[in-house]
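All of the numbers you see were taken from the coordinates with simple rules; none came from a lab. Note that the coordinates shown come from a computational prediction; the quantities given were computed from them, not determined experimentally. Neighbour counts run over all protein chains shown; Cβ positions are idealised from the backbone, glycine included.
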DNA sequence: AAAACACATTGACATTTATCGATATGATGC
DNA sequence: GCATCATATCGATAAATGTCAATGTGTTTT
């Protein structure tokens, strides 16, 4: 999966899930801790953790530890890349 | 799956596959018949048909019959919607 | 240092997905 | 009308995915 198409396919696969796209939209308001995301969604904590890993692996999201919490945020430049790729089509 | 997030999640799920994103990029050069797509990809004819259905169901692609052939093309306005949605994030 | 908190990882499981061979459908040409 | 070509559908199957309860890990609080 390490060609160009694969990279973008991977990003879109990451966003191709309703829970994850909701998370992504929430993060567009700014950095959020996992616990905050958790109580906006009807999923368990392990499931959230699973989705966050997929989002981070795609490159579209990053997390940092802040004491007990994990704070997640968008990587705007990666999203911009994806938008650029899609805009290049057509 | 009929809320807004679901609609875009569905589009990204459609593009979240390497074969389908390749198809999508091919279609960006203009309308193509299935047979042409088929010999650019290392998949069987039923598998291509399966992928085309997913792309069409997402709204990003449409097909029309032309005699024996099916000609597929991008729906640029739907792609533009998706790009607009992503651009609204961040 | 023990308890509590926030999150990640593991193992299990059901569902979905991608794939194929075989077959059906629809159009064209003879 | 029959053979052929292009595509879709069906049935089967293996692999990937999303989900959870249970448990592990790292951090803070008492």
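Here is a list of conditions, (1) within 10 Å of another protein chain (Cβ to nearest Cβ); (2) closer than 18 Å to residue A:10 by Cβ, and residue A:62 meets all of them except one; can you say which number that is?
Here residue A:62 meets the rest and fails (1).
Is it true that residue A:37 is in a helix (DSSP H, G or I), more than 30 Å from residue B:23 (Cα to Cα) and more than 9 Å from chain B (Cβ to nearest Cβ)?
Criteria met by residue A:37.
Taking segment A:1-17 on its own, how many of its residues are within 11 Å of DNA strand C (Cβ to nearest atom) and under 11 Å from residue A:51 (Cβ atoms)?
1
Please indicate, with yes or no, whether at least one residue in segment A:2-17 is within 14 Å of chain B (Cβ to nearest Cβ), part of a loop (DSSP other than H, G, I, E, B), touching a residue at least 24 places away in the same chain (Cβ under 8 Å) and surrounded by 14 or more Cβ atoms within 10 Å (Cβ to Cβ). If you could, list the steps in order and put the result at the bottom.
Residues of segment A:2-17 within 14 Å of chain B (Cβ to nearest Cβ): A:2-17.
If we keep only those that are part of a loop (DSSP other than H, G, I, E, B) too, we end up with A:2-3, A:16-17.
In the following step, the residues that additionally are touching a residue at least 24 places away in the same chain (Cβ under 8 Å) were identified as A:17.
Restricting the remaining residues to those that are surrounded by 14 or more Cβ atoms within 10 Å (Cβ to Cβ) gives A:17.
Within segment A:2-17 (the criterion being within 14 Å of chain B (Cβ to nearest Cβ), part of a loop (DSSP other than H, G, I, E, B), touching a residue at least 24 places away in the same chain (Cβ under 8 Å) and surrounded by 14 or more Cβ atoms within 10 Å (Cβ to Cβ)), the answer is yes, since at least one residue qualifies.
Among the listed residues B:42, B:73, identify the single one that is surrounded by 14 or more Cβ atoms within 10 Å (Cβ to Cβ), outside any helix (DSSP H, G or I) and at negative phi. Reasoning before the result, please.
Working: B:42 fails: surrounded by 14 or more Cβ atoms within 10 Å (Cβ to Cβ).
So the residue among B:42, B:73 that is surrounded by 14 or more Cβ atoms within 10 Å (Cβ to Cβ), outside any helix (DSSP H, G or I) and at negative phi is B:73.
Go through segment A:45-63 and report how many residues are over 20 Å from residue A:78 (Cα atoms) and not in a helix (DSSP H, G or I). Walk me through how you get there before you give the answer.
Restricting attention to segment A:45-63, the residues satisfying the condition of being over 20 Å from residue A:78 (Cα atoms) are A:45-50.
Subset that is not in a helix (DSSP H, G or I): none.
Number satisfying all stated conditions: 0.
Evaluate the following for residue A:31: is it surrounded by 13 or more Cβ atoms within 10 Å (Cβ to Cβ), farther than 23 Å from residue B:17 by Cβ, more than 13 Å from every other protein chain (Cβ to nearest Cβ) and touching a strand residue (DSSP E or B) at 6+ places or on another chain (Cβ under 8 Å)? Break it down into steps so the answer makes sense when it comes.
Numbers: surrounded by 13 or more Cβ atoms within 10 Å (Cβ to Cβ): yes; farther than 23 Å from residue B:17 by Cβ: yes; more than 13 Å from every other protein chain (Cβ to nearest Cβ): no; touching a strand residue (DSSP E or B) at 6+ places or on another chain (Cβ under 8 Å): yes.
Taking the combined requirement at face value, the residue does not satisfy it.
Among the residues in segment A:70-90, are any away from DNA strand C (no atom under 11 Å from the Cβ), more than 10 Å from chain B (Cβ to nearest Cβ) and over 30 Å from residue B:29 (Cβ atoms)?
Scanning segment A:70-90, I find at least one residue that is away from DNA strand C (no atom under 11 Å from the Cβ), more than 10 Å from chain B (Cβ to nearest Cβ) and over 30 Å from residue B:29 (Cβ atoms), so the answer is yes.
What are the residues in segment B:23-44 that are closer than 16 Å to residue B:62 by Cα and within 11 Å of DNA strand C (Cβ to nearest atom), if any?
Listed by number, the list holds a single entry, B:23.
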